[in-house]
Protein chains: 2
Amino acid sequence: MSTSTDKKLVIRCLQKILPTESVLHKEEDLRPYECDGLSAYQQVPMVVVLPETIKQIEDILSFCTNQTIPVVARGAGTGLSGGALPLENGILMSLARLSRIQNIDIDNRTARVQPGVRNLAISEAASSYGLYYAPDPSSQIACSIGGNVAENAGGVHCLKYGLTVHNILKLEVITMQGEHLTIGSDALDSPGYDLLALMTGSEGLLGVITEITVKLLPKPEAANVILAAFDDVATAGQAVSNIIADGILPAGLELMDNAALRAADDFVNAGYPRDAAAILLCEIDGTSAEVADRLEHAQNVLRTSGATEIRVAHDEQQRAKFWAGRKAAFPAVGRLSPDYYCMDGTIPRYQIANVLTRISELSNEYRLPIVNVFHAGDGNLHPLILYDANIDGELERTEELGGKILEICVEAGGTITGEHGVGMEKINQMCVQFNSMELQQFHAIKHAFDPDELLNPGKAIPTLHRCAEFGAMHVHHGQLPHPELERF
Amino acid sequence: MSTSTDKKLVIRCLQKILPTESVLHKEEDLRPYECDGLSAYQQVPMVVVLPETIKQIEDILSFCTNQTIPVVARGAGTGLSGGALPLENGILMSLARLSRIQNIDIDNRTARVQPGVRNLAISEAASSYGLYYAPDPSSQIACSIGGNVAENAGGVHCLKYGLTVHNILKLEVITMQGEHLTIGSDALDSPGYDLLALMTGSEGLLGVITEITVKLLPKPEAANVILAAFDDVATAGQAVSNIIADGILPAGLELMDNAALRAADDFVNAGYPRDAAAILLCEIDGTSAEVADRLEHAQNVLRTSGATEIRVAHDEQQRAKFWAGRKAAFPAVGRLSPDYYCMDGTIPRYQIANVLTRISELSNEYRLPIVNVFHAGDGNLHPLILYDANIDGELERTEELGGKILEICVEAGGTITGEHGVGMEKINQMCVQFNSMELQQFHAIKHAFDPDELLNPGKAIPTLHRCAEFGAMHVHHGQLPHPELERF
């Protein structure tokens, strides 16, 4: 499929499946699709298709299977690990036009939506019934629910309400062969193998999601936030553990270090204590009685954990201001440095103080400042490495430092991703996270859905060959369980 | 492996892997393993092995793979769908001797346990730290955590705290090839495909679980229960929906109809209102403030939903009595009839009233009494069909009626199992639940783990051939996506 004749043929065939204006092939039309939220990786695809119906998706995938053309599905393109990076000889399938909320079921508290629906649009539509959709990635204004499922997206509320996988009930999926699968059900449990969780977070490698049934939750009667200041980051990290260990489950528990809180305060005037080494934002929701009770309890724990100052938002306006700072933290940090690299690793909560100390040591060693602002309650770190891409070698040093941080997360019993996925970005670190047996098992799963490896190839799961080159190949008992997979 | 010479050879080989007394092969030693909790199905295995170490499990599985001998893993044998039914020419591997609690991690609130540990033993061990393990199947005194994972077990508390799959973090698994997989991690999320949920509830078809890391929760500060009586079962069913729709999430929400509550009251003197058509037990837990507030709220909803009588347990003793009746309901119903058949289907909550009405109609049509006692909040029905196996044809009529009930659950948007699994019992109903595309996808997953189909063959996932014979084969687009799987 590398010659221009072949490309013309592909375009003509796709134009039989889709209206002409839904098949993009001119350089200027393709350019907007060359990357997702991880713009360090760029590649213009051969063709972009914009299907509007399930039938079109089935036909496109059948056509691509017959012609052995790889396909990358794309939601809103806000992903941060390059999961929607196109392939030079592949088709990029945007699901943006499948953007209907099909149904909101009040009795069963669910919404049935198409993949292109924006995350926040679900809560907006459910709002008049007193309901909302809990997972809230920072990009929730823009990101699509289909992309959320593909990446198993998280957010501030996930500490209490779970990740995407815990908030969906059913998926409609088209396989690479153009066949339809219904995965999960409208009931709590489903027989057969649990493919719902398998599909969630599979980064577009197993099928194309065409409909999602999400759970809706009743909006809490009350909510308030505590801001606690600390004169040491590790102490703040330990306070996070203490809160959870004391049986409090906040609706959000976020940590910002001094650089992050100052940047945010400069940007949106959040009213943060600017001299604190770190602050925690601890959100409590529930009934009014419950919130009052837990706010008291949480303040006690924070006090005995060494907080130097504790403020409870005295009204809704102040609560919104405290959160505005957290929500603006990433763009605020963007003003500190020409470039930054946002990492995403997860560690057991009790390791927070230890890992933050090691990250600070690495920052000194590499002479690259690191700002920390993250979902502390989940143990989901987001170290932001500040660098300048115009200084020779600085991007490479940044990537090396980022890789080291992820390896520390794995050593600490954690993982190389919290909510951003593996995509292209962390594919080498997968060789650190998993041994060759485990990677082969992943390839066998891929084979069970997409034997010709046409769906988003090269992402998420490294080949054993790649791991060997990366020097992180785990040799395990010296033999392969699936000899037919030796080619991976 | 059908001749006695072959059997002798197998025994000799196993005795090289295990101590002689850990390889059972005499008729009288095998007999106790001929069935699990579903005693209608019985089969004595060729050999029973009782490994005590991981190495022994690896060696047994490698040996069986080399010799093409099927293996069925067994926990405590309390399963209710025949998932641990042995095979005549197969090895039954009991995991009862792997019964150590390896570690309780207070900071991370997890316990690392071997598969043979009893469900309740985990909470007992964690109790002195103020922690417990939430899922509580009725068999929790006896059932093993390994079996809980294999069947994705539920229980009263699952409404608020989730099924087994929501309460585990990490599994150590040995594949049929004798290889080791670590699935999941100590952190909240894990990269790669989500094999943790896939393995959970896979009914022993994908691997042998050798270690489980479970989440522990802090014991709630307070708990109390409301007993609400109704003069109509459907009204009680609707009240369940109303409670959840009003934003209350009880720690348990159970329904018993008149026959069930009378039987329980006769058995343990629970103090139930004996003339009620149905009662609901609604457990609330949390902080003292939260419990007081929600008890009030729940009573209001129950009142406006038509409860004829509402009692809040006035002390811990009365609370225990109310629950004792529910916990004793199954053995109590056992005193009403020579035999009963416990069904297990799940439906969307708002369908409860409708489905209960249809079950009652079927009961009349088949002239077989049905008693209802179930996890109403989850929509997880347990209709108990009363019959007498000594009356000719009554068992067959019971099984037919049971099948019809499950089909009604599927029609109502639900599933054929809530927490008991498919096993042997519901394998035909899987043909109703899934189309041939979906079943083929399941077989492809099986193939990815166990290409020779040696682990618990014949359970959980029906062959397409079986579905065709059952007359419930869905023809779908007239073609198979995985031609290599046509043999299924």
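The values are calculated or read from the model by the stated rules, or taken from the named source; none is laboratory data. Bear in mind that the values here come from a model prediction, so they are computed numbers and not experimental data. Every residue, glycine as well, gets a Cβ built from its backbone with ideal geometry; the counts of neighbours run over all protein chains shown. The area values use the complete protein model at the heavy-atom level, side chains included, leaving out ligands, DNA and RNA. Shrake-Rupley method; radii C 1.70, N 1.55, O 1.52, S 1.80 Å.
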- Would you call A:Leu255 within 25 Å of the chain's Cα centre (by Cα) and either modelled with pLDDT of 95 or more or buried (at least 19 other Cβ atoms within 10 Å of the Cβ) (or both)? yes
- Task: Give the number of residues within the stretch A:430-448 that are at the interface with chain B (Cβ under 7 Å from one of its Cβ atoms) and either of a type in the set (D, E, K, R) or not in a loop (DSSP other than H, G, I, E, B) (or both).
- Result: 10
- Within the stretch B:120-172, track down each residue that is within 12 Å of another protein chain (Cβ to nearest Cβ) and among the aromatic types (Phe, Trp, Tyr). B:Tyr129, B:Tyr132, B:Tyr161
- Task: Go through (1) out of contact with any helix residue (DSSP H, G or I) (no Cβ under 8 Å at 6 or more places or on another chain); (2) buried (at least 18 other Cβ atoms within 10 Å of the Cβ); (3) basic (Lys, Arg) and name the single condition B:Arg100 misses.
- Result: (2)
- Which one of these is under 21 Å from the mean Cα position of the chain (by Cα), farther than 30 Å from A:Gly184 by Cα and not hydrophobic (A, V, I, L, M, F, W, C): B:Asp344, B:Asp315, B:Asp293, B:Asp339? B:Asp339
- Task: Would you confirm whether any residue within the stretch A:240-247 is open to solvent by 30 Å² or more (accessible area, probe 1.4 Å), assigned to a strand (DSSP E or B) and within 30 Å of B:Arg294 (Cβ to Cβ)?
- Result: no
- If you go through B:Gln56, B:Gln43, the only one that is modelled with pLDDT of 95 or more and either of a type in the set (Lys, Arg) or in a loop (DSSP other than H, G, I, E, B) (or both) is B:Gln43
- Consider B:Asn103 carefully, then state whether it is assigned to a strand (DSSP E or B) and free of Cβ contacts under 8 Å to residues at least 60 places away in the same chain. yes
- Checking A:Ile145 against (1) within 24 Å of A:Val49 (Cα to Cα); (2) touching a His at 6+ places or on another chain (Cβ under 6 Å); (3) of a type outside the set (Lys, Arg), which single condition isn't satisfied? (2)
- Across the stretch A:277-309, which residue is farthest from the other protein chains (Cβ to nearest Cβ) among those that are open to solvent by less than 10 Å² (accessible area, probe 1.4 Å) and under 19 Å from A:Ala259 (Cβ atoms)? A:Ile279
- Task: Taking only the stretch A:8-38 into account, find how many residues are hydroxyl-bearing (Ser, Thr, Tyr) and under 16 Å from A:Glu88 (Cα atoms).
- Result: 1
- Tally time: how many residues in the stretch B:14-48 are open to solvent by 50 Å² or more (accessible area, probe 1.4 Å) and in contact (Cβ under 8 Å) with a residue 60 or more places away in the chain? 2
- Message: Quick check on my filter: what residues within the stretch A:222-248 are within 14 Å of chain B (Cβ to nearest Cβ) and closer than 9 Å to A:Glu283 by Cα?
- Response: A:Ala223
- Query: What do you reckon, is A:Thr200 over 22 Å from B:Gly247 (Cα atoms), within 7 Å of chain B (Cβ to nearest Cβ), in contact with a strand residue (DSSP E or B) (Cβ under 8 Å, 6 or more places away or on another chain) and modelled with pLDDT of 95 or more?
  - Reply: yes
- Item | Evaluation of B:Ile54 against (1) under 17 Å from B:Val72 (Cβ atoms); (2) open to solvent by less than 80 Å² (accessible area, probe 1.4 Å); (3) under 31 Å from the mean Cα position of the chain (by Cα) (one fails), failing number | (1)
- Give the number of residues within the stretch B:209-221 that are more than 10 Å from every other protein chain (Cβ to nearest Cβ) and either open to solvent by less than 40 Å² (accessible area, probe 1.4 Å) or aromatic (Phe, Trp, Tyr) (or both). 7
- Any chance you could count how many residues in the stretch A:183-194 are facing another protein chain (nearest Cβ under 7 Å) and in contact with a strand residue (DSSP E or B) (Cβ under 7 Å, 6 or more places away or on another chain)? 7
- Task: Could you tell me whether A:Leu9 is open to solvent by less than 50 Å² (accessible area, probe 1.4 Å) and of a type in the set (A, V, I, L, M, F, W, C)?
- Result: no
